[in-house]
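Trainee: Take a look at this one; I'll ask things after.
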Amino acid sequence: MKIPLTGGCGFIGSAVVRQAICQEGHYIVNIDKMTYAASEGALEDTLTHQSHALLRQDIYEGAGIRAAFAEHQPDVVMHLAGECHADSSIDGPAAFV
Ligand SMILES: NC(=O)c1ccc[n+]([C@@H]2O[C@H](COP(=O)([O-])OP(=O)(O)OC[C@H]3O[C@@H](n4cnc5c(N)ncnc54)[C@H](O)[C@@H]3O)[C@@H](O)[C@H]2O)c1
C-alpha cells in the first residue's frame, strides 16, 4: 500500500517507517516538519530507499498536505506527528494543544 505517515522521523514514526518498508513492503510518504525531535539517522537505510519519500512539511499547512495527497493518492494514512516532550510543553503549550 501507499501510506502517508506523519512524524516519520520521530521516535515511533521512524521505527514504523523501517518496519513498513523493510518487513511489509509498503511505500511510505513520510511527512515531517523536522523539529528538534526529528532524526534522519533513525531511518537508517530506509532514508534513501526507493519505497520512501520524505516531505519536509508542517501538517498545519493545508495547501501542502492537499498537494501531497493529490500527488500520492494514498490508500490509508498513519498519523504520528505530535509534540510529546513534557519539558517543551511547559515552555510552549500552544503547539501541544
Ligand atoms: N513516545 C512515547 O512513549 C509515546 C507514548 C504514547 C503516545 N505517544 C504519541 O505518539 C506520537 C509520536 O510520538 P514520538 O515519541 O515518536 O514523538 P517524537 O517527538 O519523537 O516525534 C514526533 C515527530 O513529529 C514531527 N512533527 C511534530 N510536529 C509536526 C508538524 N506540525 N508537522 C509535521 N511533523 C511534525 C517531529 O518533527 C518528529 O519527527 C505522539 O503523538 C505522541 O504523543 C508517544
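Trainee: Just to be sure I understand, how many residues within the stretch 36-55 are under 20 Å from G82 (Cα atoms), of a type outside the set (G, A, S) and either at pLDDT 95 or above or under 9 Å from the mean Cα position of the chain (by Cα) (or both)?
Mentor: Quick first cut of the stretch 36-55, residues under 20 Å from G82 (Cα atoms) only: 36-43, 53-55.
Narrowing the set further to residues that are of a type outside the set (G, A, S) leaves 36, 40, 43, 54-55.
Next, from what is left, pick out any that are either at pLDDT 95 or above or under 9 Å from the mean Cα position of the chain (by Cα) (or both): 40, 43, 54-55.
Total satisfying the criteria: 4.
Trainee: For the stretch 32-52, which residues satisfy the criterion of being farther than 14 Å from G7 by Cα and either open to solvent by 100 Å² or more (accessible area, probe 1.4 Å) or within 7 Å of the ligand (Cβ to nearest atom) (or both)?
Mentor: Result: E44, D45, T48, Q50.
Trainee: I'm trying to understand the selection: among the residues of the stretch 1-29, which are more than 9 Å from the ligand (Cβ to nearest atom) and not in a helix (DSSP H, G or I)?
Mentor: Selection gives M1, K2, I3, P4, L5, Q23, E24, G25, H26, Y27, I28, V29.
Trainee: So is D58 within 14 Å of the ligand (Cβ to nearest atom), of a type in the set (D, E) and either surrounded by fewer than 13 Cβ atoms within 10 Å (Cβ to Cβ) or outside any strand (DSSP E or B) (or both) or not?
Mentor: Answer is yes for this residue.
The values are calculated or read from the model by the stated rules, or taken from the named source; none is laboratory data. Please read all numbers here as calculations on a predicted model, not as lab measurements. Every residue, glycine as well, gets a Cβ built from its backbone with ideal geometry; the counts of neighbours run over all protein chains shown. We work out accessible area using only protein heavy atoms, side chains counted, and drop any ligands, DNA or RNA first. Shrake-Rupley method; radii C 1.70, N 1.55, O 1.52, S 1.80 Å.
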